[in-house]
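Trainee: Structure incoming, see below.
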Amino acid sequence: MVDIDVRVASTVKLFRRSIVNYPAFNAFFQRADLTKSEKAVFTSITMAEWELVVQLEAVVQRIADLALVESQSATMLSSTMYILLWVASARMNSYKFSAFSLHGTRNTDTNEKMFARRQITLPDLSVLAQRCIKRTLHQIAFRLPQPGVPMGMALLLDPRTKRAAKNYLQIPDWARAATGHILEDTKVLLLAEHRVMYKALHINEDAEGDAVNSAASSPGRDCSSSSDTELDLLCGEEVLKPVDSTPTDVSLNAKADAVMEQWLDLRIDWEEVVRHQIPDKQECDRVLSKLAIRNKKQGNVRVWNVEQLCQQVDVWRWFADYGQARFPSVAKFARVWLGRSCSTAFQERVFSTATLVMNSLRTSTDNERAERQLIMRHNREEMKRMDESKHRIW
């Protein structure tokens, strides 16, 4: 159950369904009309092994949910997947876990999504389950994308994550001072790139009311009296003419920076957003019950749950309903950065319960190789045609 070469998502799905159907299996294999060998199919699995199944499912459930095909939609934003992956990896390294109760109450409608769970702690886990944690954490640390300026741009342009961006741009096992420059570099790029976007949208409006053009400064007076031959030897690259910023540029840059500051300071009532996006009252109440949590580090104040925001709030719809009207330049800017698809190579290949992925040859598969293999697979028909064409030429 621990050292088998399989994908964790498929394994956990099998674990969940087996746990939920445990009483049915137990009843079926106790039938009098079954032979002893047939009954041994079920009775050969000890209760300790069933408990191990429960523990392994509890350990890797969040990572498995992200590795499932259902989570890999084309509309998944890079900021959303980044948040969910880091939260899932942090939960793997926690002290408490949520596990199914093998002997819990069931009815004919019970499935793995609604089956009750109970809390277990790290000391409650068996040696094999704790080994699973260590191996999976090693895979996560090796495979997940490291924080950087591009991801910082996506986090700051996503209204759900911009206030928590600092927490997600910390590199694990590094001092905060050593990784603090990531957020600063991100903000510098954010302001510079937003100025370009803002200028493209508003240049005509400001240019009409500004008739003053600053003259470009030029190099000093020529002082050459050399001969033509000597001049050819002395002349190098042309001196650049520095161009001063026009009043229009200065005005636009100041307005762009002010808009970006307003964006970064914007506080959103996500409860109202959820009520608007989820018309069904029962479903809306269910989502709202998980949307806020208590922050014990800040005096037990209520704060928004970033993970739930990423899962429940449609950020594109928020921009269409509200953000586009108030922050048109930021909305267009966000479309560029948030529209970049995130790699799902780590989801496809790396999360296994034994650090073995598919087979022993792919144990150390990195993202580049995984992506290359996926591209080759999708284009195999075209590659086959090209190969046949090459043979015909020769």
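Nothing in this text is a laboratory measurement; each read-out follows from the coordinates by a stated rule. A quick note: this is a predicted structure, and the numbers were derived from the prediction, not measured. Don't worry about glycine lacking a Cβ; one is built from the backbone with ideal geometry, like all the others, and counts go over all protein chains shown.
Trainee: If you line up the Cα atoms of the stretch 93-174 on their principal axes, what length do they span on each, largest first, in Å?
Mentor: The Cα atoms of the stretch 93-174 stretch 49, 32, 18 Å along the principal axes, largest first.
Trainee: Okay, next question. In terms of modelled amide H atoms, which long-range or inter-chain residues lie less than 5 Å from the amide H of ARG118?
Mentor: ALA99, PHE100, SER101
Trainee: If R0 is 25 Å, what FRET efficiency do you get for THR43 and LYS96 from their C-beta distance, rounded to 0.05?
Mentor: 0.15
Trainee: May I pose another question? Work out how much length ALA325 to LYS290 would gain on full extension: take 0.36 nm times their residue separation and subtract the Cα-Cα distance, in nm to one decimal.
Mentor: 9.7 nm
Trainee: Starting from the Cα of ASN167, step 7 Å along the direction of its Cβ; do the same at ARG385; then give the gap between the two resulting points in nm.
Mentor: My value for the distance between the label points is 5.0 nm.
Trainee: Pairs LYS113/LYS134; LYS166/LYS199; LYS297/LYS332; LYS13/LYS296: which are spaced more than 30 Å apart, C-alpha to C-alpha?
Mentor: LYS297/LYS332; LYS13/LYS296
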